[in-house]
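Some notes on the structure that comes next.
The values are calculated or read from the model by the stated rules, or taken from the named source; none is laboratory data. Given the structure is predicted, the values throughout are model-derived calculations rather than measurements. Please note: Cβ atoms are built from the backbone with ideal geometry, for glycine as well, and neighbour counts cover all protein chains shown. Each accessible area value is taken on the protein alone, full model and side chains, heavy atoms only, with ligands, DNA and RNA left out. Shrake-Rupley method; radii C 1.70, N 1.55, O 1.52, S 1.80 Å.
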Amino acid sequence: MRLNRCATLLFAMAVFWSAPAPASLLTITPAVHTITLAPGSAWDATGTITNLSGFDLLSTEIFLEFSGYPHHMLAPQQRLGGIEFTIGNRTISGLTELFHVDIAPDAVRGLAWSMDVFAADIHGNFSDVSTFSFLIGGQAAAVPEPSTVPLVSAGLIALLAGAALARPRAGHPNGLRG
């Protein structure tokens with residue numbers, strides 16, 4: 001009986017006394033999170049990378065993943081690793097180019113989109129997600145209003161049609177309704 005209590009106590013301690021979740025082993029720190037761009041323009045995202053993976057990493061051993069964005073409006077391309085450099089374990093890289101993004105030429109002005117980016121290295125370590133926001137600059141495209149003459153004409157036609165439908169109808173000469 002005493003052995004069962006001991007085993008239960010050890011099992012409960014193992015289940016409920018777990019270690020806290022570790023912090024991300026890679027961290028992307030963007031220089032800019034929000035940018036305003038014109039349709040058809042491009043932008044280069046820069047930032048630093050913190051390496052707590054336990055390994056020295058080459059910039060070519062880190063891959064960026066992009067998600068949560070409209071693929072027909074934003075076109076990201078990784079630039080990290082274009083120039084190879086080392087990010088030592090427990091160090092922060094210098095300011096480096098992370099990725100390039102092209103904005104579609106037909107992007108509607110006044111709209112905003114976001115894009116989630118995270119890093120993964122060759123050892124299976126991941127960073128937390130960093131969200132970048134893109135505001136398409138300028139005024140929203142103006143929708144032309146119809147001129148006064150067509151609006152007044154349409155209203156007059158509708159009024160006459162409504163009056164014609166509301167007018168009482170004459171009965172049949174023989175008293176029958178048809």
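Look through the stretch 118-132, keep the residues that are within 17 Å of the chain's Cα centre (by Cα) and open to solvent by 40 Å² or more (accessible area, probe 1.4 Å), and return whichever of them is nearest to Leu64 (Cα to Cα). Among them, the one singled out is Phe118. Just name the residue that is most open to solvent (accessible area, probe 1.4 Å) out of those in the stretch 139-173 that are modelled with pLDDT under 65 and more than 30 Å from Thr36 (Cβ to Cβ). The residue in question is Pro173. Of the numbered criteria (1) loosely packed, with under 14 Cβ neighbours inside 10 Å; (2) in contact (Cβ under 8 Å) with a residue 60 or more places away in the chain, the one Thr27 fails is (1). Only one of the numbered conditions (1) more than 15 Å from the chain's Cα centre (by Cα); (2) in a strand (DSSP E or B); (3) buried (at least 17 other Cβ atoms within 10 Å of the Cβ); (4) not basic (Lys, Arg) is violated by Met115, and that is (1).
The set of residues in the stretch 83-97 being under 9 Å from Thr50 (Cα atoms), open to solvent by 30 Å² or more (accessible area, probe 1.4 Å) and hydrophobic (A, V, I, L, M, F, W, C) consists of Ile92 alone. Taken over the stretch 98-111, residues that are open to solvent by less than 70 Å² (accessible area, probe 1.4 Å) and under 13 Å from Pro39 (Cα atoms) amount to 6.
Quick check, is Leu74 at pLDDT 90 or above, touching a strand residue (DSSP E or B) at 6+ places or on another chain (Cβ under 8 Å) and open to solvent by 80 Å² or more (accessible area, probe 1.4 Å)?
Working: at pLDDT 90 or above: yes; touching a strand residue (DSSP E or B) at 6+ places or on another chain (Cβ under 8 Å): yes; open to solvent by 80 Å² or more (accessible area, probe 1.4 Å): no.
No.
For the stretch 56-74, does any single residue satisfy the condition of being closer than 15 Å to Leu37 by Cα, hydrophobic (A, V, I, L, M, F, W, C) and in contact (Cβ under 8 Å) with a residue 24 or more places away in the chain? Looking through the stretch 56-74, at least one residue is closer than 15 Å to Leu37 by Cα, hydrophobic (A, V, I, L, M, F, W, C) and in contact (Cβ under 8 Å) with a residue 24 or more places away in the chain.
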